[in-house]
Amino acid sequence: MTQVTTKQNRREQILQALALMLEEDSGKRITTASLARQVGVSEAALYRHFPSKARMFEGLIEFIESTLFERIRLILDETQEALPRCQHILMLLLGFAEKNPGLCRLLNGDALTGETARLRVRMGQLFERLETQLKQVLREAELREGLRPSLPVPAAANLLLAYAEGRIGQYVRSDFRRRPTEQWDTQWAHLSRELLSGVAQTQAC
C-alpha cells in the first residue's frame with residue numbers, strides 16, 4: 001500500500017468517524033479532541049490530514065455534493081419525463097438522508113451552529129443547486145412534453161424542495177426515528193397530482 005493510499009484511507013476514516021459522531025451525539029458540539037478519541041489518534045494526527053475542523057466538515061459536504069449530483073446526472077440521462085425526474089430527484093435526496101443520518105445534521109444546518117459561516121453558505125449553495133435543477137426540469141417539461149406547472153416554476157420547485165427539507169428536519173428532530181421516506185408514495189401522489197398540466201388546458205382555464 002502506497003503512502004498516498006494510506007493517507008487517503010486515514011482521511012476517509014476521519015470523515016466516517018465524524019459522520020458517526022454527528023449521528024450518535026445528536027445536539028452536542030463535536031471537538032477535535034473528541035473526534036481524535038473516536039478515531040484513536042492524537043489531535044496532531046488529525047491536523048496532518050485536515051488543517052482545521054472546518055475542513056473536515058467541508059470534506060463531508062463535498063461527499064454529499066458529489067454523491068447527489070452524480071446520481072442526479074444519471075437520473076436525467078435515464079429518465080426523460082419531467083414528473084418522474086422530479087420524483088426520482090426527491091426520492092434520491094430523502095433516501096440519501098435516511099441512509100446517512102449523521103449527515104442530515106449538516107443538511108439541515110444543525111451541526112453547523114457556531115461553526116465558520118462559510119460552511120453554512122456552502123450548504124445553502126447545495127440546496128440552491130438542487131432547486132435550480134428542479135426549476136430546469138420543470139421548465140423543460142413545456143418544451144419536451146407540452147406540460148406546464150400549475151404554479152410558477154420558481155414556486156413549484158421551491159415547494160418540492162421545501163417538502164424534502166421538512167422531512168429531513170423531522171428526521172433529525174425525532175433523533176432519526178421518523179424516517180424521511182415514510183408515507184412517500186402517498187404524499188408524492190398528492191404533490192404530483194396537479195404539479196403539471198397540459199399547456200392547452202392551462203391556457204383554456
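The values are calculated or read from the model by the stated rules, or taken from the named source; none is laboratory data. Please read all numbers here as calculations on a predicted model, not as lab measurements. Neighbour counts run over all protein chains shown; Cβ positions are idealised from the backbone, glycine included. The accessibility values were calculated without ligands, DNA or RNA, using every heavy atom of the protein model including side chains. Shrake-Rupley method; radii C 1.70, N 1.55, O 1.52, S 1.80 Å.
Exactly one residue among E58, E23 is under 17 Å from the mean Cα position of the chain (by Cα), at pLDDT below 95 and either in a helix (DSSP H, G or I) or farther than 22 Å from Y171 by Cα (or both), and that residue is E23. Filtering L93, L106, L46 for residues that are closer than 19 Å to L191 by Cα and part of a helix (DSSP H, G or I) leaves a single hit, L93.
When the range 56-77 is filtered for residues that are more than 17 Å from L20 (Cα to Cα) and either open to solvent by less than 60 Å² (accessible area, probe 1.4 Å) or not basic (K, R) (or both), the ones remaining, listed by number, are E65, S66, T67, L68, F69, E70, I72, L74, I75, L76, D77.
Would you check if there is a residue in the range 136-145 being more than 24 Å from T79 (Cβ to Cβ), in contact (Cβ under 8 Å) with a residue 12 or more places away in the chain, open to solvent by 20 Å² or more (accessible area, probe 1.4 Å) and among the basic types (K, R)? The answer is no, given that none of the residues of the range 136-145 is more than 24 Å from T79 (Cβ to Cβ), in contact (Cβ under 8 Å) with a residue 12 or more places away in the chain, open to solvent by 20 Å² or more (accessible area, probe 1.4 Å) and among the basic types (K, R).
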